[in-house]
Structures are given as C-alpha cells and as structure tokens.
Amino acid sequence: MNTKALVKLIAIALAVLFAIAAVDKLEHYPKFSLQLQSFPVDLSVLSSHAWFIPVTELILAVLLLLPFTRLKGLFASLFLLGLYTLYLVCMLETRFHSICNCGEPFQSLSLKMHIALTLAAVFVTGVGVVLSGQLVEEPLPKLGAPQIVKPYYEHIDTSLVNSRN
C-alpha cells in the first residue's frame with residue numbers, strides 16, 4: 001500500500017470514528033450534557049456549551065475527508081484525541097466512571113480499554129501526520145543569498161568619461 005492510500009485510509013477511519021461519536025452525542029444530548037456537568041473537574045464552559053463538542057467532531061470529520069484540508073484535520077484530530085485521552089485519565093484518577101457517549105460499538109469497553117484504544121488512535125493519527133508531511137509535493141523554495149538589485153548607474157555608458165582626448 002502506498003503512502004497516499006494509507007493516509008487516506010487513516011483519515012477515513014478517523015472521520016467515521018468522529019462522525020459516530022458526534023451523532024451519538026447529539027442523539028443523547030441531554031444525557032451527554034448532564035454527564036459533562038457531573039464530572040468532578042470543573043468543565044463549566046463545556047457543560048453550558050456541550051453542543052460544541054459534537055459539532056467540532058462533525059467539522060473534523062469533514063476536514064479529514066477533503067484532500068486539501070486533510071493535514072489540518074489530522075493535526076486537529078491529534079489534538080482532540082490527546083485532550084480526550086487526558087479526560088479519560090482524569091476519569092480514571094478521580095474514580096468517576098460514567099457510561100461512554102462515543103457510540104454503540106464502544107459503550108461496552110472498560111475505561112482502561114477506552115484509554116488504550118484512544119492511545120492507539122493517537123499513535124495512528126501521528127503516523128498519518130508524519131506520512132502526510134512526506135506527501136508534500138512542492139517543497140518550500142530554498143533561501144539562498146539575497147538578490148541585490150543592481151544600481152541604475154551600472155547601466156550607464158561611461159566610455160566617454162574614461163577616454164582622454
């Protein structure tokens with residue numbers, strides 16, 4: 001499998017993951033919002049604007065599917081998955097266990113399995129970012145010595161000045 005196809009596969013898998021999670025959060029919005037409000041760490045901004053998370057996930061899914069925004073989507077996915085991993089670790093540390101709102105296939109997983117799965121997704125996303133960097137078709141131009149504009153007087157015919165009669 002070539003690099004471009006692998007990056008595309010990673011992006012599609014992440015887009016499907018984010019879309020499933022976002023749709024599930026929107027379908028069960030009251031439960032999701034209540035879950036954020038009852039989290040022991042103060043997430044008051046996210047609790048009052050819980051809709052922001054699934055909307056962000058949907059936008060991210062679209063960014064990942066469009067070829068010209070894929071790299072930005074991969075970077076944003078890496079950031080969001082990293083934040084989600086920290087959220088899960090906080091849940092583990094505070095002994096706050098709640099039902100997952102990330103889609104039907106993942107609701108039966110334990111918290112430790114969620115963390116392992118999310119770390120695997122972070123790793124795969126990082127691989128996608130690195131491989132996308134190798135796909136840049138036009139490298140940046142090399143900056144050499146600065147071009148100095150020749151002064152206008154170098155083009156003046158000075159043969160008459162230098163000749164002696």
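I'd like to know if segment 38-58 contains one or more residues that are of a type in the set (Gly, Ala, Ser), in a helix (DSSP H, G or I) and modelled with pLDDT of 85 or more.
Taking segment 38-58 first, the residues of a type in the set (Gly, Ala, Ser) are 38, 44, 47-48, 50.
Now restrict to residues that are in a helix (DSSP H, G or I): 44, 47-48.
Still in the running and modelled with pLDDT of 85 or more: none.
No, segment 38-58 contains no residue that is of a type in the set (Gly, Ala, Ser), in a helix (DSSP H, G or I) and modelled with pLDDT of 85 or more.
Within segment 1-19, which residues are under 17 Å from the mean Cα position of the chain (by Cα) and either over 12 Å from Leu71 (Cα atoms) or surrounded by fewer than 21 Cβ atoms within 10 Å (Cβ to Cβ) (or both)? If the condition is that a residue be under 17 Å from the mean Cα position of the chain (by Cα) and either over 12 Å from Leu71 (Cα atoms) or surrounded by fewer than 21 Cβ atoms within 10 Å (Cβ to Cβ) (or both), then Leu6, Lys8, Leu9, Ile12, Ala13, Leu14, Ala15, Val16, Leu17, Phe18, Ala19 are the ones that fit.
Across segment 52-84, the qualifying residues are those that are in contact (Cβ under 8 Å) with a residue 24 or more places away in the chain and among the aromatic types (Phe, Trp, Tyr), and the one among them that is nearest to His114 (Cα to Cα) is Tyr84.
The values are calculated or read from the model by the stated rules, or taken from the named source; none is laboratory data. Just so we're clear, the structure is a prediction, and the values are computed from it rather than from any experiment. All Cβ positions, even for glycine, are placed from backbone atoms using ideal geometry, and neighbour counts span all protein chains on display.
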